[in-house]
Amino acid sequence: MKLEAWIFGSLTIFFLIVTPIYWLVTIDPITGAPEITGVVALILTFFLVFMIWAYLLLVARRMEPRPEDRKDGEVAEGAGELGFFPPSSKWPLFLSLTFVPVVLAPVYGWWLMIIGFGFGFFTLTGLLYEFYRGDHAH
């Protein structure tokens, strides 16, 4: 986790330096006002990256170093089961297709949104409970 924290720490410092520079460069000579949208976006990006950096630092202190974090770590130490990876599923396709009537509702009628939300509830339930029944049940 130290490498990941170092990367986000570098990004935090980068955005800390770039934000005031952007503020100064985008000042309009006529009005004297900076371009506020980009400045706000950079400030929010700074806080987002800072939050991830702080989280990674806290987690890295609490856990023992992984093999890739140690200088004497071997590739074989990282071998073993990595977790559960689901097989192919039909539900993401159907869930994305339920988005079509929701998007078309302002054009053709708001009743399409109700139909889209109904199908969306059904397909989201199928996606969430896919591993509780059928071939891949646990």
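Once whole DSSP H runs in the chain are found, which of them have Cα atoms spread over 27 Å or more along the helix axis and a mean Kyte-Doolittle score of at least 1.0?
The answer, listed by residue number, is 2-25, 36-62.
Once every DSSP H run of n ≥ 4 in the chain is given -39500 (n - 2.57) and the sum is divided by its residues, what mean residue ellipticity at 222 nm do you get, rounded to the nearest 500 deg cm²/dmol?
When only DSSP H runs of four or more count, the value is -21000 deg cm²/dmol.
Grab the Cα-Cα distance for LEU93 and LYS71, subtract it from 0.36 nm times how many residues apart they are, and report the gain in nm with one decimal.
3.5 nm
The chain: longest stretch without exposed trypsin sites (Lys or Arg not before Pro) (DSSP loop, at most 15 other Cβ within 10 Å), sites themselves excluded?
Longest stretch, sites excluded: 1-69.
Taking neighbour counts of Cβ atoms within 10 Å as a proxy for exposure, in what order, fewest first, do THR31, THR123 appear?
THR31, THR123
All of the numbers you see were taken from the coordinates with simple rules; none came from a lab. Since we're looking at a predicted model, the values are computed, not measured. A quick note on method: Cβ atoms are made from the backbone with ideal geometry, for glycine too, and the neighbour counts reach across all protein chains shown.
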